[in-house]
1. Out of L86, L80, I need the residue that is open to solvent by less than 10 Å² (accessible area, probe 1.4 Å), free of Cβ contacts under 8 Å to residues at least 60 places away in the same chain and either assigned to a loop (DSSP other than H, G, I, E, B) or within 25 Å of E191 (Cα to Cα) (or both). Which one?
2. Could you please find all residues in segment 53-72 being within 28 Å of S158 (Cβ to Cβ) and either open to solvent by 90 Å² or more (accessible area, probe 1.4 Å) or not hydrophobic (A, V, I, L, M, F, W, C) (or both)?
3. What number of residues in segment 29-43 are assigned to a loop (DSSP other than H, G, I, E, B) and over 17 Å from E79 (Cα atoms)?
4. Going through segment 9-49 one residue at a time, which ones are of a type in the set (D, E, K, R), farther than 18 Å from A189 by Cα and surrounded by 11 or more Cβ atoms within 10 Å (Cβ to Cβ)?
5. When residues of segment 44-59 are filtered for being part of a helix (DSSP H, G or I), over 9 Å from I19 (Cα atoms) and not hydroxyl-bearing (S, T, Y), how many remain?
6. Confirm whether S133 is under 18 Å from the mean Cα position of the chain (by Cα), in contact (Cβ under 8 Å) with a residue 12 or more places away in the chain and within 30 Å of Y52 (Cβ to Cβ).
7. Do we have any residue at all in segment 125-148 that's under 19 Å from P46 (Cα atoms), modelled with pLDDT of 95 or more and open to solvent by less than 50 Å² (accessible area, probe 1.4 Å)?
Amino acid sequence: MSRFPAIPPQERTAAHDVIENGVAEVFSKVPSHIEWKGSSGTILGPYSPLLYTPEIAEPWFNLALTVTRQQRLTLREKELAILAVLAEYDAPYVLYAHSQVATAVGLSQEQVQQAVDGEVPNGLSESEAEVYSFALKLAQLRGPMDSAVFDSAKSALSRDRMVGLAHIVSGFIYVSMLCNISNGEVPVAAEGAFVAKSRHWQ
């Protein structure tokens, strides 16, 4: 049984509808074979625990959608930043979903696996390699960033792209935490779909 079962109909509020509408909007932008409801109909990923804090739902989705829609980073760069989080955080549902999103935006299976392994993938553009490297450093950050690391990144990335990456990396650490507190179901990938292997399972 889910740790965060569906809210009974008599207890649902308008805020719960905001969550379901937000989830539907998020998943309207990803490959249709990526599942967001489990076999029992429970919402998967970070969304089932989010139902238990409905007053946070609308601002959470507003922030999440704004962060992921920012134009200063390409779709591939955004996915590389998310994969950098997965190199540091064991979040099985996020890995399931974003392995498939990453291949849909043009990263190869090999590149996705390398990124999840904590390695700069082969065949990236110079900009993409810099984005991945900085995102990985952000995901590893446990204290103030060293000046040499900051200055090196600043020479390759503009300040707004550095901050944009900080939003994505910290946002997906947040997503990973919500996923992992639920210890929820992870669907079997559709036939032919690729899901990277987490180095945390090895």
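The values are calculated or read from the model by the stated rules, or taken from the named source; none is laboratory data. Remember, predicted model here, so these are calculated numbers, not experimental data. Methodologically, a virtual Cβ is constructed for each residue, glycine included, from the backbone with ideal geometry; neighbour enumeration extends over all protein chains shown. These area figures cover heavy atoms from the full protein model, side chains too; ligands, DNA and RNA do not enter into them. Shrake-Rupley method; radii C 1.70, N 1.55, O 1.52, S 1.80 Å.
1. Exactly one residue qualifies, and that residue is L80.
2. Scanning segment 53-72 gives P59, N62, L63, T66, T68, R69, Q70, Q71, R72.
3. Adding up the residues that qualify gives 9.
4. R12, D17, E20, E25
5. Counting residues in segment 44-59 that are part of a helix (DSSP H, G or I), over 9 Å from I19 (Cα atoms) and not hydroxyl-bearing (S, T, Y) gives 4.
6. Criteria not met by S133.
7. Yes, that holds for at least one residue.
A quick yes/no check of all residues on (1) under 28 Å from Q71 (Cβ atoms); (2) without any contact (Cβ under 8 Å) to a residue 40 or more places away in the chain; (3) out of contact with any helix residue (DSSP H, G or I) (no Cβ under 9 Å at 6 or more places or on another chain); (4) open to solvent by 80 Å² or more (accessible area, probe 1.4 Å):
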site: L165; (1), (2), (3), (4): yes, no, no, no
site: S170; (1), (2), (3), (4): yes, yes, no, no
site: I173; (1), (2), (3), (4): yes, no, no, no
site: S176; (1), (2), (3), (4): yes, no, no, no
site: S182; (1), (2), (3), (4): no, no, no, no
site: V186; (1), (2), (3), (4): no, no, no, no
site: E191; (1), (2), (3), (4): no, yes, yes, yes
site: R199; (1), (2), (3), (4): no, no, no, yes
